[in-house]
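Read-outs: derived from the displayed coordinates by stated rules, not from any lab. Predicted, not measured: the structure shown is a model, and the values here were computed from it.
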């Protein structure tokens, strides 16, 4: 029950990131480069402060790990720039559809053997992504924004795969944010925003960074080893449905029939995939972490 509750909380945090980012950019409260820079900086500050509070002393830096740092940076930059043109729900559907594919492929290459139900769930959810990308008069999707979000998906998928072996979720997340900060800062310098930076935009970026990203990602690294790659990938596909629903309620985003049908396929895929027995690789992760808090 604790694992289920934490997983649900993380999914809500992920959906909130889409809403906060889209709200800031859609109202021209801040530009995408500025949003991503403030987001990673505030997340780093929050996480390092939590590390200091945990140890009651200045935290000792961990050695940088290139793969999760590049993955996180790619996600943060691609995510913000994609949301210039994408609605919150559609962006989340693209993002986590791509994440699912990345994590399934990565887990398979590493030797996990997902059962048939996991593959069937992925296939059904994949149909939802295909439906979303299918040309339609009722649903327009900017090609550049879609490519940026799929790049962000690959980055987040790699970041999540690495997270399965993390033994200190808070420490790993904190230093990944710290080491990603210079990369995002370079992107901010190269792609300066044309929009003015407002106090409201800064506030939304800080909430996204310190709360729904920083703390949310630390919790994700906590639950992921117990979920395994394939269940973790499927679970994240609930995020677009949450984002589509909240985007319609809070941001007045239109609900096209095509996006509703795509979301239904995604939910169906999750139901199919998560009702099966854990894959062999997932069982190993569950057994290894059975005593985890």
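What is the mean projected area of the alpha carbon convex hull for region 3-83, to one decimal in square nanometres?
Spelled out: convex hull of the Cα atoms, projected over all directions, averaged, 6.8 nm².
Among 214, 106, 52, which one shows the highest mean-square fluctuation when the chain is modelled as a Gaussian network with alpha-carbon springs under 10 Å?
Answer for the Gaussian network model of the chain: 52.
Calculate for the chain the 222 nm mean residue ellipticity that helices alone would give, adding -39,500 (n - 2.57) per DSSP H run of length 4 or more and normalising by residue count, nearest 500 deg cm²/dmol.
Working: 13 runs with 218 residues, N = 293.
The helix contribution divided over the chain gives -25000 deg cm²/dmol.
Which whole number in µm²/s is D for region 85-244 by Stokes-Einstein, with the Kirkwood Rh taken over Cα pairs at 20 °C and 1.002 mPa s?
For the chosen part, D equals 124 µm²/s.
Normalised by the number of residues in the chain, what is the relative contact order in percent for Cα pairs under 8 Å and 6+ residues apart?
39
Please work out the Cα convex hull volume for the chain and give it in Å³ per residue. Mind dumping the intermediate values first?
On the way: hull volume 36.4 nm³, N = 293.
Expressed per residue, the convex hull around the Cα atoms of the chain is 124 Å³.
Show me, bin by bin at 5 Å from 0, the whole-percent P(r) of region 113-206 based on Cα pairs.
Each 5 Å bin holds this share of Cα pairs: 2, 9, 9, 16, 18, 14, 16, 11, 4, 1, 0.
Cut-off 10 angstrom, C-alpha nodes, Gaussian network model of the chain. Which of 236, 100, 62 fluctuates the most?
Between 236, 100, 62, it is 62 that shows the largest mean-square fluctuation.
Two-decimal Rg/Rh of region 180-221 from alpha-carbon positions, Kirkwood Rh? Don't jump to the answer; show the numbers that get you there.
Working: Rg = 12.6 Å, Rh = 11.9 Å.
In region 180-221, Rg relative to Rh is 1.06.
Is region 71-131 rounded, prolate or oblate when judged by the Cα gyration tensor, a ≥ b ≥ c being the square roots of its eigenvalues, rounded requiring a/c under 1.5 and prolate requiring a/b larger than b/c?
oblate
Determine the shape class of region 150-246: with a ≥ b ≥ c the square roots of the Cα gyration tensor eigenvalues, call it rounded for a/c under 1.5, and otherwise prolate if a/b is greater than b/c, oblate otherwise.
Taking the square roots of the gyration eigenvalues as a ≥ b ≥ c, region 150-246 is prolate.
Taking the chain as a Gaussian network, where each spring joins two C-alpha atoms under 10 Å apart, which residue of 95, 51, 265 fluctuates the most?
Looking only at 95, 51, 265, the biggest GNM fluctuation is shown by 51.
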